[in-house]
Amino acid sequence: MTSLKKALLTVTPEAIPCKLLGVDVFIRRMSAMELIQYDEGISAAREKDDTRATVILSAGLILSAIVTDKGIPYAKGDLPTAEEVAGKHDNSAIIDAVSKIQRCSYGTLEEAEKN
């Protein structure tokens, strides 16, 4: 792999302080493809009228955005499952967290917090 190609495909870890689901955490900006895949999954679930799938996809997005203060993703066993999160939090809290992650990924957290 060329050094330019490698440089373009290397992601710098980022940890943005944020409050999600009532907890102070650090999140990362999601990649464009991750957000597209989430949107496609939500659209497919809505077409099937599968509310459970939309909630699980949303909880999964939240968990995949949470990182350590160094911007490193947590090990799989260090966070609850999407099902566990969905079982403990209401739809409003989950939607709010997803919205904050999306706005942070599209712009900056400061812009997300202003809205």
Decide, for segment 31-114, between rounded, prolate and oblate: order the square roots of the alpha carbon gyration tensor eigenvalues as a ≥ b ≥ c, take rounded if a/c falls under 1.5, and otherwise choose prolate if a/b is larger than b/c, else oblate.
-> oblate
Among K6/K48; K5/K48; K5/K88; K48/K100, which pairs are too far apart, with a Cα-Cα distance over 32 Å?
-> K6/K48; K5/K48; K5/K88
Which trypsin sites (Lys or Arg not before Pro) in segment 26-56 pass both tests, a DSSP loop state and at most 14 other beta-carbon atoms within 10 Å?
-> K48
If the chain between A44 and T81 were fully extended at 0.36 nm per residue, the gain over the current Cα-Cα distance would be 11.2 nm
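A short reminder: the numbers here are calculations on the coordinates, not readings from a lab. This structure is a prediction, so every number in the text was calculated from the model and none was measured. Cβ: placed from backbone, ideal geometry, glycine included. Neighbour counts: every protein chain shown.
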